[in-house]
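The values are calculated or read from the model by the stated rules, or taken from the named source; none is laboratory data. The structure displayed is predicted, hence computed values, not measured ones. Each accessible area value is taken on the protein alone, full model and side chains, heavy atoms only, with ligands, DNA and RNA left out. Shrake-Rupley method; radii C 1.70, N 1.55, O 1.52, S 1.80 Å.
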Amino acid sequence: MDSSSWVRRSFDGAGLTQAPPGPHLAKWQAKYDIHVGTVLLCIDISASMDGNRLRLAKSGGAQFLREAAAGRYDSGLVLWDSRVVTYVQPEPSGNSALAALRNAGSGGGTDIVPCLQLANDVFGPMAGDRVLCLFSDGEFGNLDQARALARKLCAMGVRIIVRGLGAGAAGALGELACPGSTDDQQTIVDETAIGTGIASMAGNLTGITIRARDGDR
């Protein structure tokens, strides 16, 4: 190798020179109290989610929120059916969102539009990495209106990550993901995978690796 074809450089300050981020990212972020971004986890709690589906969604959502907090994201929560049932504003620990998720019940119809309207209001004044994570187990009302609201979010620079139970829900939610998305995990194949499916959305946050866990089945 021609030694003149490369130069070894020294970096004296704190910096991140590995891509994708390596295993020491979390320690580096903690040392310098780095705020990476803001994420809003939105979970469908309509009547069709009653019982085991809701239990698994709570489990996966709790793991998601813990992973997001460890990755230095401010985490908020929206529980929705045909309206916004519960909104918890983003905070660094995610503890308020975890508490609200534990107490969630199910009922009502399904319309994602109020959830997307809220997301536009929440993310509008913010800067930095902003991520909207959406889960539903079925179709969700006016797709044209939902798509228009999603496009507004994408135009603001918000990243939209989706998970749908079955091909129908995943296909509809996929219409809301931002153009150019390379996420290939949008479909949750069956009910037993709801927990891992929701938790897997955290893998789209910067530098976060999802840890496998038992108990979703």
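Seen through its C-alpha gyration tensor, with square-root eigenvalues sorted a ≥ b ≥ c, segment 81-199 comes out rounded because a/c lies under 1.5. So what is the relative contact order of segment 82-217, in percent, for Cα pairs below 8 Å that sit 6 or more residues apart? The value is 18 percent. Sort segment 53-93 into rounded, prolate or oblate with this rule: let a ≥ b ≥ c be the square roots of the eigenvalues of the Cα gyration tensor; rounded if a/c is under 1.5, and if a/c is not under 1.5, prolate when a/b is larger than b/c, oblate otherwise. Verdict is oblate for segment 53-93. Phi angles across segment 65-74 convert, under the Karplus curve 6.51 cos²θ - 1.76 cosθ + 1.60 with θ = phi - 60°, into 3J(HN,Hα) values of 5, 5, 5, 5, 5, 5, x, 6, 9, 6 Hz, Gly and Pro given as x. In the complete set of protein chains, residue-level accessible area for Arg55 is approximately 110 Å², probe 1.4 angstrom. With the whole protein complex present, Arg53 retains an accessible surface near 60 Å², based on a 1.4 Å probe. Solvent-accessible surface of segment 91-217, taken per residue with a 1.4 Å probe and all protein chains present: 45 Å². Counting protein heavy atoms only, segment 73-204 has 49 percent of its accessible area on carbon and sulfur, 1.4 angstrom probe.
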